[in-house]
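Here the structure comes first, spelled out in structure tokens, and everything after it is commentary.
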Amino acid sequence: MRRIVRPWAVCLAAAAGLLVGAAQVRGQSNPAGGAAAPGRAVTQGTQAPASVTYVGNSGFLIRAGGKTILIDALFDGFPGGYLVPAAVREPLLAGQSPFDGIDLILATHDHADHFSAAAVRQALASNPRAAFVGPAATVAALTELGDRARALEVAEDRRVSVEVGGIRVEGMRLSHGTPPPGQSDIVNLGYLVTVGGLKFFHTGDIDYQIVTPALLESLGIPGEHVDVAFVPHFYLSGPGPIPFVTEGIRPRYVVPSHLQYTDTPVNEAQIRRNFPNAVLLRTEGESWAVPSLSGP
Ligand SMILES: [Zn+2]
């Protein structure tokens, strides 16, 4: 297998943004693995089916239960590097179809291929009911937004939950990797989002040698019956299925993420061999209707 790209090698370390932002969302802190595991009944009624739309890199739009969520979808990338195509980026920032009606914007960490304060600011202006939630380093650049930009503070080995407009978000520290000497650590939050009776799990950038199945087990993730997990593609195309996913997350479907900003090409054939439940969204703006639990 190709060398697995270390997140530190593909993401520029952000400036040491350790300032605590405006409103701290402390939420309800659950003991590791002690979170309630609600039943799996899907109660979407007559609402449109849940869907996932690929925005770019690790960025996705989720629609479920009448709610709309962006995760890691508002970023500028690195100078001279990949950009989200204008045909997607412009309506995304303007709050126009198919990216209209955003309720919640999440960012996993303060790296330029996952988060842009300017883009979040613009999207919040275009979506009056939307709120932003992210680690403190992201909110530090958005203090003028008050309660609309909330820092989620999470201790190691804990899950912290917050409810935003009927969307349940649980954040947990998933290591971005050991920083090189002299560089500060980066807080990466994995998110478990429960909405419309479905569970979505986004890892952000992780080092799978630190975020082991045992660690995910201690956080109670395998018992959550995750419906859709977003996982960096280069962890899915090894010589076989990686236990980080098969034992640690156990999702109904896995959606490869981080399709840009790595030196590892997307190996679609190997991903499909390893994960027959993989859903590859390769083109920005491409959508997938999440099959209901009772069948497609
Ligand atoms: Zn990163």
(message) Looking at the stretch 90-109 only, could you name the residues that are within 18 Å of the chain's Cα centre (by Cα) and either among the β-branched types (V, I, T) or more than 18 Å from F132 (Cα to Cα) (or both)?
(response) I102, I105, T108
(message) Name the single residue that is nearest to A269 (Cα to Cα) among those in the stretch 203-259 being in a helix (DSSP H, G or I) and among the hydrophobic types (A, V, I, L, M, F, W, C).
(response) F234
(request) Would you point out the residue of the stretch 108-133, among those that are out of contact with any helix residue (DSSP H, G or I) (no Cβ under 8 Å at 6 or more places or on another chain) and more than 16 Å from the ligand (Cβ to nearest atom), that is nearest to F75 (Cα to Cα)? (result) A118
(request) Of all residues in the stretch 40-77, count the ones that are at pLDDT 95 or above, assigned to a loop (DSSP other than H, G, I, E, B) and closer than 27 Å to Y235 by Cβ. (result) 9
(request) Working carefully through the options V211, V193, find the one that is farther than 30 Å from R129 by Cα and of a type in the set (V, I, T). (result) V211
(request) Would you be able to say whether some residue in the stretch 195-208 is modelled with pLDDT under 95, closer than 23 Å to A136 by Cβ and among the polar types (S, T, N, Q)? (result) no
(request) Any chance you could count how many residues in the stretch 173-202 are within 16 Å of the ligand (Cβ to nearest atom) and farther than 15 Å from D157 by Cα? (result) 9
(message) Quick check on my filter: what residues within the stretch 268-296 are among the hydrophobic types (A, V, I, L, M, F, W, C), part of a loop (DSSP other than H, G, I, E, B) and either modelled with pLDDT of 95 or more or under 10 Å from L236 (Cα atoms) (or both)?
(response) F275, V279, L280, L281, V290
(message) Of the residues A118, A140, A112, A123, only one is over 15 Å from S58 (Cα atoms) and either part of a strand (DSSP E or B) or touching a residue at least 60 places away in the same chain (Cβ under 8 Å) (or both); which?
(response) A140
(request) Using the structure shown, decide if F230 is within 19 Å of G197 (Cα to Cα), in contact with a Ser or Thr (Cβ under 6 Å, 6 or more places away or on another chain) and touching a residue at least 24 places away in the same chain (Cβ under 8 Å). (result) yes
(request) Could you check, for the stretch 84-107, whether at least one of its residues is within 16 Å of the ligand (Cβ to nearest atom) and assigned to a loop (DSSP other than H, G, I, E, B)? (result) yes
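The values are calculated or read from the model by the stated rules, or taken from the named source; none is laboratory data. None of the values given here were measured: they were computed from a predicted structure. Note that we place each Cβ from the backbone using ideal geometry, even for glycine, and neighbour counts take in every protein chain shown.
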